[in-house]
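Asker: Attaching a single structure in C-alpha cells format; questions to follow.
Just so it is clear, none of the values below were taken in a lab; they were calculated from the coordinates. Keep in mind that this is a model prediction, so the values were computed, not measured. Here the Cβ positions follow ideal geometry from the backbone for every residue, glycine too, while neighbour counts run over all protein chains shown.
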Amino acid sequence: MKFLILIPVFVFGGLLLGGLLAGFDRILTARMQSRKGPPLLQPFFDVSKLLGKRNIVVNRFQTFCVACFLVFVMLTGVIFFVGGDLLLTIFALTVASIFLVIGAYSVRSPYSTIGAERELLQMMAYEPALLIAALGMYWVTKSFHVHDIVAYSHPLIMYLPGIFLSLLFILTIKFRKSPFDLSTSHHGHQELVKGLTTEFSGPSLAMIEVAHWYENILLLGIVYLFFAFNPIVAVAATILTYIIEVLIDNIFARLTWQFTLASSWIFTGVTAVSNLLIITILMK
C-alpha cells in the first residue's frame with residue numbers, strides 16, 4: 001500500500017520540486033551575473049506555453065522516443081523513491097538517455113546528429129562514476145536497495161569521500177552545466193544551436209524539459225544518500241551541492257569532448273576506484 005502511495009507522490013512532487021529547482025537555478029544564475037532574473041515559476045510558464053504550441057516534428061518516431069524518454073525517467077525516479085534497487089535505477093536512467101539519443105539521431109539535422117554523438121560521449125564519461133557509486137554503497141551497507149541505504153546508521157560520506165567527489169564531478173555533466181554542457185545547453189553559447197534538442201519543439205520539447213526536472217530530483221536524491229544518517233544535514237548538503245554546480249556553471253568556459261571524457265575517467269579512477277579499493281581492504 002505504501003508503494004502505491006509513493007508513486008503519485010513522486011510523480012506530482014517531483015514535477016513541482018523539479019520546476020521550482022529550475023526556477024531557483026535561473027534566479028541564482030542571474031544573481032551571480034548581477035541580473036534580477038525571471039520569477040521562480042518561470043519554468044512552469046515556459047512548459048505550459050510549449051504545451052500550447054503545435055507539435056512540429058520531422059517524423060513521428062521523434063515523438064515516440066521523447067515519450068519513452070519521459071516515461072523511463074519517471075520510472076527511474078519511482079524505483080528510487082519507493083526504496084527500490086539503486087543499480088536498476090541507474091540502468092533504467094541509461095535506457096532513458098538512449099531513447100533521447102535515438103530520437104535525435106532519427107532526423108538528418110547535422111546539429112541534432114552531432115548533439116546525439118556528444119550525448120553518447122557524455123554517457124561514456126559519467127556512467128562509470130554512477131556505477132561505482134552504487135557499488136560503493138553496496139560494499140558498505142551490503143544492499144543495493146535504497147531503503148536499506150537510507151536506513152544505514154552511519155554516514156556514508158565517511159566511508160565513500162572519494163566516490164562522492166567523483167559523483168560531484170560527473171553531476172556537472174548530468175545537470176548539463178559548463179564546462180561540460182556539450183550536447184545541449186540552456187545557455188546561448190552553444191555552437192550547435194541547441195544540439196541534441198534542435199529538432200524538437202512544442203509538446204515534445206516540453207516533455208524533454210519535464211524529464212530533466214525529474215532527472216535532476218533523482219540525481220539530488222543520490223547525493224542525499226551519502227548524508228541520509230541525518231535528514232537535516234542531508235537536505236542541506238543536497239542544496240549546497242546544487243548551488244556549487246550552478247557556481248561552476250557560471251565561472252567555467254565550456255571545454256572539449258576530449259577533455260570531458262579523459263578528465264572524467266581520470267578523476268573517477270583517482271578518487272572513486274581508489275576509494276573502492278581502500279574500503280575493500282579495510283572491510284575484509
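Asker: Would you mind working out the magnitude of the charge dipole of segment 1-152 relative to its Cα centre, with +1 at each Lys and Arg C-beta and -1 at each Asp and Glu C-beta, to the nearest 20 Debye?
Answerer: In total the dipole reaches around 660 debye.
Asker: Any chance you could run the full-extension gain for M158 through Q33? It's 0.36 nm times the residue separation minus the Cα-Cα distance, nm to one decimal.
Answerer: Difference between extended and current length: 41.5 nm.
Asker: About its Cα centre, how strong a charge dipole does the chain have in debye, to the nearest 20, once Lys and Arg get +1 and Asp and Glu get -1 at the Cβ?
Answerer: I would put it at about 420 debye.
Asker: Give me Rg over Rh for segment 1-119, both radii from the alpha carbons and Rh done the Kirkwood way, two decimal places. Intermediate values should be presented prior to the final figure.
Answerer: Numbers: Rg = 17.0 Å, Rh = 16.6 Å.
So for segment 1-119, dividing Rg by the Kirkwood Rh gives 1.03.
Asker: Okay, moving on. For the Cα atoms of the chain, what angle does the longest principal axis make with the long axis of helix 231-251, in degrees from 0 to 90, nearest 10?
Answerer: 50
Asker: Quickly estimate the mean residue ellipticity at 222 nm for the chain, helices only: each DSSP H run with n ≥ 4 gives -39500 (n - 2.57), and the total goes over all residues, rounded to 500.
Answerer: Counting only the DSSP helices, I get -24000 deg cm²/dmol.
Asker: Given [x] 18.6, 60; [y] 21.4, 70; [z] 20.3, 69 as candidate values of Rg and Dmax of the Cα atoms in Å, which corresponds to the one derived from the coordinates?
Answerer: [x]
Asker: Which residue, chosen from F24, V78, I163, occupies the Cα position most advanced towards the positive end of the dipole of the chain, where the dipole is computed from +1 (Lys, Arg) and -1 (Asp, Glu) charges on Cβ about the Cα centre?
Answerer: Most positive-ward Cα: F24.
Asker: So if R0 is 35 Å, what FRET efficiency would V11 and V270 give, r being the distance between their Cβ atoms, rounded to the nearest 0.05?
Answerer: 0.35
Asker: Okay, next question. Which one, S264, I98, Y138, projects farthest toward the positive side of the charge dipole computed for the chain from Cβ point charges (K/R +1, D/E -1)?
Answerer: With unit charges placed on the Cβ atoms, the residue in question is I98.
Asker: To the nearest 0.05, how large is the calculated FRET efficiency for D148 and L120 if R₀ is 35 Å and r is the Cβ-Cβ distance?
Answerer: Efficiency computed from Cβ-Cβ geometry: 0.60.
Asker: How far is the Cα center of segment 139-169 from the Cα center of segment 23-97, in Å?
Answerer: Value for the Cα centre distance between the two parts: 26 Å.
Asker: What does the convex hull of the alpha-carbon atoms of segment 140-284 project to on average, in nm²?
Answerer: Here the figure is 10.0 nm², rounded to one decimal.
Asker: Can you compute the label reach from I56? Point 7 Å from Cα along the Cβ direction, backbone N cut-off under 18 Å, restricted to segment 195-236.
Answerer: Residues 195, 197-207 fall inside that zone.
Asker: Same structure again: Run the quick spin-label model on L255 and V71: label points 7 Å from Cα toward the beta carbon, then report their separation in nm to one decimal.
Answerer: Inter-label distance under the simple model: 3.8 nm.
Asker: Okay, next question. Measuring from label point to label point, each 7 Å out along Cα→Cβ, what is the K49 to L88 span in nm?
Answerer: With each label placed 7 Å out from Cα toward Cβ, I get 4.1 nm.
Asker: Could you work out the relative contact order of the chain, using alpha carbon pairs under 8 angstrom and six or more residues apart, expressed as a whole percent?
Answerer: 26
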